[in-house]
Amino acid sequence: MAKNQPPPGTHQFEPIDLDFDKMNGVVPYILQHSYTGEILMLGVLNDESWRRTCETGILTSYRRTLGRVWTMGEDGGHFIKVSRVKVDCDNDTVLFETLPEAPVCGHGQLTCFFNELPAKEAHGGK
């Protein structure tokens with residue numbers, strides 16, 4: 001099966017050096033909806049996927065399960081264009097903002113965080 005080719009991203013970003021040493025060569029990232037602020041997913045980057053994302057404006061992750069760099073959308077054709085990038089104060093976590101054109105979750109959901117746990121009733125007496 002041929003892989004889909006990513007379109008040009010809407011933005012390119014100047015990468016900074018991230019601290020990949022803290023977590024054995026990867027850093028976590030959060031993908032957030034640009035307008036609603038909803039958290040869409042959590043993933044990891046290695047140096048190659050970080051630089052490729054910045055160069056192309058298309059989200060590229062390091063897939064631990066595949067053991068390789070993977071451009072989100074290369075299988076289904078729904079690429080994630082990054083509209084803004086923020087790095088935390090320790091340079092070891094990245095926040096990407098996007099306006100998704102399709103569900104982000106591999107299970108067909110808009111967000112990977114669709115499993116909400118029900119709250120238990122409060123314990124204690126009067």
Problem set entry | Top-ranked residue of the stretch 42-59 - restricted to ones that are surrounded by fewer than 20 Cβ atoms within 10 Å (Cβ to Cβ) and under 10 Å from the mean Cα position of the chain (by Cα), ranked as farthest from D17 (Cα to Cα) | L42
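Would you check which residues across the stretch 44-74 are assigned to a helix (DSSP H, G or I) and not small (G, A, S) and list them? Please lay out each step first, then the result.
Residues of the stretch 44-74 assigned to a helix (DSSP H, G or I): 47-56.
Correct list: D47, E48, W50, R51, R52, T53, C54, E55, T56.
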Exercise. Hey, among K86, K22, which residue is in contact with a strand residue (DSSP E or B) (Cβ under 7 Å, 6 or more places away or on another chain) and surrounded by fewer than 17 Cβ atoms within 10 Å (Cβ to Cβ)?
Worked result: K86
Problem set entry | Of all residues in the stretch 75-98 being outside any strand (DSSP E or B) and closer than 11 Å to I58 by Cα, the one that is farthest from the chain's Cα centre (by Cα) | H78
Exercise. Out of (1) more than 16 Å from E14 (Cα to Cα); (2) at pLDDT 95 or above, what's the single condition that is false for T71?
Worked result: (2)
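The values are calculated or read from the model by the stated rules, or taken from the named source; none is laboratory data. The model shown is predicted, which means the values in this text are computed figures rather than measured ones. When we count neighbours, we look across all protein chains shown, and the Cβ atoms used for this are built from the backbone with ideal geometry, even at glycine.
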